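Single-structure report; data block below.
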Amino acid sequence: MKKNILALIIGFVCASAAFAQNETDALRYSQLFPGGTARFVSMGGSFGALGGDFSALGINPAGLGIFRSSEFTITPSLNYSQIESTYFNTWEEDMKYNVNLGNVGVVFAFPVGSQVEEGGWQFVNIGLGINRHNNFNQRWIAEGYNPYSTKMASILQQANREGSVDHLDPFLTQLAWETWLIGEEDNGGFFTDMLHGVDQRQETNTTGSIREFVLSMAANYNDRLYLGATVGFPSISYEEENIYHEADNLDADPVFNSMTYNNSFKTSGSGYNFKLGAIVRLTNMIRIGGAFHSPTFYELRDRYRASMRSDLNLDYDSYEAKSPEGRFDYELNTPLKAIGSVGLVFGQSGLLNIDYEYIDYTKTRLRSSEYMFSDENRAIRESFTTQHAVRVGGEIRLNPVILRAGYGFYSNPYKSDVNDAERSIISAGFGLREKDYFIDFAYTYSFFAEKYHLYLLDSNDPGDYGLPGVEWHPPVVERDFSASTFRITVGWRF
């Protein structure tokens, strides 16, 4: 299953004419927005120099060494996402709710020193459990009248590149052939009836997440130095369904009335990574932390299918065709990550933490024994750049209530001339803590904007595909994402 070269050069998040693994998929599964307990997310996921929370194991495993007692946590959550889209000056919106389990984990604390004042190793702790990251549950709609081009023009370009009926893509161009949307010229090549001036609409529904099982160990030396290591086993579940429709509502063409293209795909798989971290308590107030995350080595499988329906003024009003089910196995290596942190602990009054995270997405790689991915990996290098993330979080203790707030900023992972996908996450929450149990509440609001191509059309050589004498306008949807998540964590110490 190979990606056409045009899709690789355009670095926007785009809808390809075929199902394929590309730079968009690589970024989707390489970006990680930390999730987990309510305390953790309400402080913006900023725990690199603090620790003492289960979800911190996925940021800096040395934070496990802060625990002085064993505990169990579980975090149900509710997510609400909304996407506003603008396409040729037409505005639409859609939304989706999702209930999930954000975290379940247990920490076992083992004291190994007799008295703190004697110095030496004080605790060796073990933690294991699951944190849920990257909520993929979204639904969006884009529609508008496009006077400049049609998806049929894009299909025609691809069919002409493929050259003959025997080489048509069974997931797109062959469906157009079987539904009489494209025909073969007497002297070679293909033709279609509708090249510009249609009403277009796409509905997209996605589900899934990235879950990571973590197994960690950390040690506390003299309450001054904390060292930790985590083995992570992330798993990916992602499903996408698209319904694309375009129609000649102005009766501009005597043959073409409408076409509907349905496609869906599912990505699943798992991988592994390693995390090492350290925290140093310089004074009773100041702590510094550092962590290193290895690449994640994923083994993934895609399953995909498509169908097409046409409505034409021919002998039969409509024609339908379906593709076979496609499968493809491949590997994804995400970039390594480095995190530096500074934490301030104000006695029993509160605390503050700042994390800085560095990751270079040009180092992402797709691999397979069946296909070389040379063009895709070149597109990754040309489309992406380094991302800088800053997370700030703190809490104020007003016994028995603890108030928390946080903010995370993730810079644009694309090169500036390709797309702008900066992301911000604002969070707040509160907690009630007793000797043997605690309850924490959190709310997070994330937002970012992104561009999406409904289809690909080579505007450098439009030929008869574009509108003569009119400046080219690509079929780009401007999408504004926002998501709210409510979490509650219940924990017990033992």
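The values are calculated or read from the model by the stated rules, or taken from the named source; none is laboratory data. Not measured: the values here are computed from a predicted model. For neighbour counting, all protein chains shown are included, and Cβ atoms are generated from backbone atoms with ideal geometry for every residue, glycine included.
Table for the structure above
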| item | result |
| --- | --- |
| Residue identified as touching a Pro at 6+ places or on another chain (Cβ under 8 Å) and more than 30 Å from GLY120 (Cα to Cα) among GLY183, GLY197 | GLY197 |
| GLY208 vs. criteria within 34 Å of the chain's Cα centre (by Cα), on the phi > 0 side of the Ramachandran plot, at pLDDT 95 or above and not hydrophobic (A, V, I, L, M, F, W, C) | yes |
| Leading residue by the ranking (nearest to TYR452 (Cα to Cα)) among those in the range 139-152 that are touching a Phe, Trp or Tyr at 6+ places or on another chain (Cβ under 6 Å) and crowded, with 24+ Cβ neighbours inside 10 Å | ALA142 |
| Positions within the range 165-175 being touching a residue at least 12 places away in the same chain (Cβ under 8 Å) and more than 19 Å from ASP458 (Cα to Cα), in sequence order | VAL165, PRO170, PHE171, GLN174, LEU175 |
| Given (1) surrounded by fewer than 21 Cβ atoms within 10 Å (Cβ to Cβ); (2) within 19 Å of PHE171 (Cα to Cα); (3) of a type in the set (A, V, I, L, M, F, W, C), number of the condition ALA306 does not satisfy | (1) |
| Filter pass, VAL392 being within 30 Å of VAL345 (Cα to Cα), in contact with a Phe, Trp or Tyr (Cβ under 7 Å, 6 or more places away or on another chain), surrounded by 14 or more Cβ atoms within 10 Å (Cβ to Cβ) and β-branched (Val, Ile, Thr) | yes |
| Strands (runs of 3 or more DSSP E) within the range 188-280 that include 1 or more residues touching a strand residue (DSSP E or B) at 6+ places or on another chain (Cβ under 6 Å) and charged (D, E, K, R) | 198-221, 225-247 |
| Number of positions in the range 329-374 that are of a type in the set (S, T, N, Q) and either touching a Leu at 6+ places or on another chain (Cβ under 9 Å) or within 30 Å of GLY52 (Cα to Cα) (or both) | 7 |
| Conditions (1) more than 30 Å from ASN249 (Cα to Cα); (2) not in a loop (DSSP other than H, G, I, E, B): number failed by GLY113 | (2) |
| Failed criterion for ASN412 (all others in (1) among the polar types (S, T, N, Q); (2) surrounded by 14 or more Cβ atoms within 10 Å (Cβ to Cβ); (3) at pLDDT below 95; (4) out of contact with any Asp or Glu (no Cβ under 6 Å at 6 or more places or on another chain) hold) | (4) |
| Among the residues listed as GLY102, GLY65, GLY127, the single one being surrounded by 23 or more Cβ atoms within 10 Å (Cβ to Cβ) and not in a strand (DSSP E or B) | GLY65 |
| Residue satisfying all of: in the range 68-99; small (Gly, Ala, Ser) and outside any strand (DSSP E or B); surrounded by the fewest Cβ atoms within 10 Å (Cβ to Cβ) among these | SER69 |
| Selection status of THR260, over 25 Å from the mean Cα position of the chain (by Cα) and among the β-branched types (Val, Ile, Thr) | yes |
| Residues of the range 364-400 satisfying the condition of being hydrophobic (A, V, I, L, M, F, W, C), out of contact with any Asp or Glu (no Cβ under 9 Å at 6 or more places or on another chain) and at pLDDT 95 or above | ILE396 |
| Only one of GLU382, GLU376, GLU357, GLU331 that is part of a strand (DSSP E or B), within 21 Å of the chain's Cα centre (by Cα) and over 24 Å from ALA278 (Cα atoms) | GLU331 |
| Tally of residues being over 30 Å from TYR29 (Cα atoms) and either of a type in the set (A, V, I, L, M) or in contact with a helix residue (DSSP H, G or I) (Cβ under 6 Å, 6 or more places away or on another chain) (or both) across the range 301-323 | 3 |
| Some residue of the range 141-157 being at negative phi, free of Cβ contacts under 8 Å to residues at least 40 places away in the same chain and in contact with a strand residue (DSSP E or B) (Cβ under 7 Å, 6 or more places away or on another chain) | no |
| Selected residue [in contact with a Gly (Cβ under 7 Å, 6 or more places away or on another chain) and either at pLDDT below 95 or crowded, with 16+ Cβ neighbours inside 10 Å (or both)] from ALA219, ALA229, ALA176, ALA247 | ALA219 |
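Conditions (1) buried (at least 16 other Cβ atoms within 10 Å of the Cβ); (2) farther than 28 Å from GLU203 by Cα; (3) modelled with pLDDT under 85, marked per residue:
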site: LEU432; (1), (2), (3): no, yes, no
site: TYR437; (1), (2), (3): no, yes, no
site: THR444; (1), (2), (3): yes, no, no
site: GLU450; (1), (2), (3): yes, no, no
site: TYR455; (1), (2), (3): yes, no, no
site: ASP458; (1), (2), (3): yes, no, yes
site: TYR465; (1), (2), (3): yes, no, yes
site: HIS473; (1), (2), (3): no, no, yes
site: ARG479; (1), (2), (3): yes, no, no
